[in-house]
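Have a look at the structure below before the remarks.
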Amino acid sequence: MRHAISISMLLSGIWTVLTGITQQHHELPAIIFTILFCIHIYLNRKPLLVYFKGLRWKWLPVGLGMIIILVTSI
């Protein structure tokens, strides 16, 4: 299931970029990509938690970068 979600996320990301370049309305591919992204994060939550535990204080710039990306994409 993880591989299928990853491949679907890749394809929907490409679809989002292409519709963003060629058309004004690319909300549907972006919504699909966001949903697949959330599923992907949920399925890989344990490895992510282990990774962030190993970072200790260094997770702060990573978290801030993720927040900035989310805020600027809205």
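The values are calculated or read from the model by the stated rules, or taken from the named source; none is laboratory data. Predicted, not measured: the structure shown is a model, and the values here were computed from it. Ideal geometry is used to build each Cβ from the backbone, glycine not excepted, and the neighbour counts take in all protein chains shown.
Only helices (runs of 4 or more DSSP H) whose full extent lies in the chain are considered here, and the ones with at least 2 residues that are of a type in the set (Gly, Ala, Ser) and surrounded by 10 or more Cβ atoms within 10 Å (Cβ to Cβ) are 2-22, 59-73. Of all residues in the range 30-62, those that are touching a Phe, Trp or Tyr at 6+ places or on another chain (Cβ under 9 Å) and at pLDDT 85 or above total 2. Screening ALA30 on (1) small (Gly, Ala, Ser); (2) farther than 14 Å from GLY13 by Cβ; (3) within 13 Å of the chain's Cα centre (by Cα) shows it passes everything except condition (2).
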